[in-house]
Amino acid sequence: MLDGNYNISAKVANRIFIAILIFATIVYVDVSFVNHYLFRTYSLDLGAYTKCLYDFMHGVVNDSLVYRSDPVNCFASHFDLYLVLFAPFVYVFGTYTLLVIQIVSVLVGAWGILKLIGLYTENRIVPLFAVATFLSFFGVYHAFTFDYHSNVVATMLVPWFFYFFKKQRYICSSLFLLLIIIAKENLSLFMAFVCLGLIWDYRKDKKAVIVLLVGTGISLVYFIVVNTVVMAYLTHDDISRGFVRYRQWGNGFGDIVVYFLSHPSEIITVLFGHYKKIDFFVCLLFSSGIALLLKPNYLIMVIPLIAQKMLADYVMLWTPYLHYNVEFAPIVVVAGFTLIASVKKPLVAQTLAGLIFVSTLGTLIYTNRYSRIWHNYSKCKILDRSHYEQKKFSVSDVYSYMEMIPDDASVCASDIFVPHLCLRKDIYTYRYKNIYDTDYMLLFEPKEEIETLLSDYIVERQSDTIWLLKRK
């Protein structure tokens, strides 16, 4: 299998790559689809995003009433143009649409990693380890444990941006830059720093530097316009809703910069002043993140990612969990494996690549084993029996109740049922809606809660704490 240079043939490498993708697909489908089937996805975010798909296909801009008592343009929460592009697929995959897209995007990202690292080395084993490391990164895996998010899809295009830029195909790389920044309002700032960091690698190529400077400028302008003008206008406020988590530092992004320039000593406290923050940095270091210290220009790329995590007043952003870490994946993997690709001795390079993969996989196992606050243990433990069980209620009963609800009926449902019922004109999340006047209600609530609704509704079906109510 190995030749004298400790290499393998292209045919064998392709087979191994396909095998890795098949295994990853099985794992991701297991995590994502099983959680959705067992009602471990939520109104926020899968339900709200899938309702956006339905509304776009019916020529309507979503009003966020799925999870709000008052209407707000959906683009005011996240300026996410992907949902418009993905809307037609809702007729193919139904409520699983965004989960399917999310899985496919990660596989496409892994292919980009293989192609990119292959440009740096003739050894075909190192790129395969890069793919395995990428797919095992804790930020990628845990993105599947909590619904769908467009930043996951956009992040998977970053390796292709690197690839086409390395190939000097600047039109293609610019197209991927555009596709990335339209996914969510924060990704344009991220890509501005990515372009800045890349300048060092291409500093001897004048044309490449100019292209990167233009990319930086376009990304920054897009970030400023969308966040301070467009989203602020949609919310009828002076700043986007995404800034709410950072208001303790000032009234705008400029205030944050000014504050820390005036109080530089607080940066250390903000970065490392909580055990959850330290937990994240340790996980990142053991998942190829150590390469950021060896390639400082790649450290520049993750500055906005670290800032949006550690400056927030939302504790879950500080942790290694959910979808808040996926953007780190292509940066740390590319940084680590381009370094390894520069090692002249093939056996040494392969050994280092294998060690990074093992360390990354070990970190993933650690994050799965030691669950943290607000993290649903059964959602990520695919080797545990609890992952395949819903102990709170009968899943079959819920599906039978949902079949009794007409497609054109208005529905108010518990958080966990909304993602399955959102392909309709009117769908609301129970307790977010002030007045209960829908045709049906499907609730996971104790009897005492239901009794308050029986003046306007009758019980169509009931099983333990699952109630299907019909308006009188």
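Every read-out reported here was derived from the displayed coordinates using simple, explicitly stated rules and does not represent laboratory data. If you're wondering where the values come from, they're calculated on a predicted model, not measured in any experiment. Please note: Cβ atoms are built from the backbone with ideal geometry, for glycine as well, and neighbour counts cover all protein chains shown.
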- Please get the size of the charge dipole for the chain, origin at its Cα centre, with Cβ charges of +1 on Lys and Arg and -1 on Asp and Glu, quoted in debye to the nearest 20. 1980 debye
- Message: Starting from the Kirkwood Rh over alpha-carbon pairs, what translational D in µm² s⁻¹ does segment 82-141 have by Stokes-Einstein at 4 °C and 1.567 mPa s?
- Response: 99 µm²/s
- Note on the structure: Expected sort for Tyr148, Tyr120, Tyr233 with the fewest Cβ neighbours (10 Å cutoff) up front is Tyr233, Tyr120, Tyr148
- Task: Pop out the ³J(HN,Hα) list for segment 443-450 in order, Karplus 6.51 cos²θ - 1.76 cosθ + 1.60 with θ = phi - 60°, rounded to Hz; leave Gly and Pro as x.
- Result: 10, 10, 8, x, 4, 4, 5, 5
- FRET efficiency for Val244 and Lys447, Cβ-Cβ distance as r, R0 = 35 Å, nearest 0.05? 0.45
- For the Cα atoms of the chain, what angle does the longest principal axis make with the long axis of helix 48-57, in degrees from 0 to 90, nearest 10? 80 degrees
- Dipole magnitude of segment 16-155, debye to nearest 20 (Cβ charges: Lys/Arg +1, Asp/Glu -1, about Cα centre): 280 debye
- Message: As an exercise, use a Förster radius of 41 Å and the Cβ-Cβ distance of Glu460 and Ser386 to find the FRET efficiency, rounded to the nearest 0.05.
- Response: 0.85
- Read phi for every residue in segment 403-417 and hand back ³J(HN,Hα) as whole Hz from Karplus 6.51 cos²θ - 1.76 cosθ + 1.60, θ = phi - 60°, with x for Gly and Pro. 5, 7, 8, x, 5, 9, 7, 7, 9, 10, 9, 5, 3, 6, 9
- Message: Under the rule a/c < 1.5 gives rounded, and otherwise a/b versus b/c splits prolate from oblate, where does segment 321-472 land using the Cα gyration tensor?
- Response: prolate
- Mean Cβ neighbour count within 10 Å, used as a protection proxy, ranking 301-307, 201-207, 362-368 highest first: 301-307, 362-368, 201-207
- Task: Work out from phi, with θ = phi - 60° and the Karplus expression 6.51 cos²θ - 1.76 cosθ + 1.60, the ³J(HN,Hα) of each residue of segment 323-337, listed in order in whole Hz, and give x for Gly and Pro.
- Result: 9, 8, 10, 5, 5, 5, 3, x, 5, 6, 5, 5, 4, x, 7
- Query: How do the peptides 260-273, 88-101 rank, highest first, by the average count of neighbouring beta carbon atoms within 10 Å per residue?
  - Reply: 88-101, 260-273
- Gyration tensor over alpha-carbon atoms, the chain, equivalent ellipsoid semi-axes in Å: 40, 27, 21
- Message: With unit charges on the beta carbons (Lys and Arg positive, Asp and Glu negative) and the dipole taken about the Cα centre of segment 218-332, which residue among Leu317, Ile256, Met231 sits farthest to the positive side?
- Response: Leu317
- Query: From the Cα gyration tensor of segment 395-471, with a ≥ b ≥ c the square roots of its eigenvalues, which class applies: rounded if a/c is under 1.5, or else prolate if a/b is larger than b/c, or else oblate?
  - Reply: rounded
- Toward the positive end of the charge dipole of the chain, about the Cα centre and with charges on Cβ (Lys, Arg +1; Asp, Glu -1), which of Val100, Ile405, Phe162 goes farthest? Phe162
- Go through 127-133, 252-258, 385-391, 170-176 and give me the packing order, highest mean Cβ count within 10 Å leading. 127-133, 170-176, 252-258, 385-391
- Calculated from DSSP helices alone, with each H run of at least 4 adding -39500 (n - 2.57) and the total divided by the residues of the chain, [θ]222 nm to the nearest 500 comes to -16500 deg cm²/dmol
- Task: Scan around Tyr457 for amide H atoms under 5 Å from its own, H built in the peptide plane at 1.01 Å from N, and keep only partners 5 or more places away or cross-chain.
- Result: Lys472
- Work out the length of the dipole vector of segment 395-471 about its Cα centre, built from +1 on the beta-carbon of each Lys and Arg and -1 on the beta-carbon of each Asp and Glu, and round it to the nearest 20 debye. 140 debye
- Item | Estimated FRET transfer efficiency (Phe281, Ser394; beta-carbon r; R0 41 Å; 0.05) | 0.45
- Query: Could you give the nm distance between label points at Val27 and Met57, where each point is 7 Å from its Cα heading toward the beta carbon?
  - Reply: 3.2 nm
- Query: For segment 19-80, what does the alpha-carbon gyration tensor say about shape, rounded, prolate or oblate, given a ≥ b ≥ c as the root eigenvalues, a/c under 1.5 as rounded, and a/b over b/c as prolate?
  - Reply: prolate
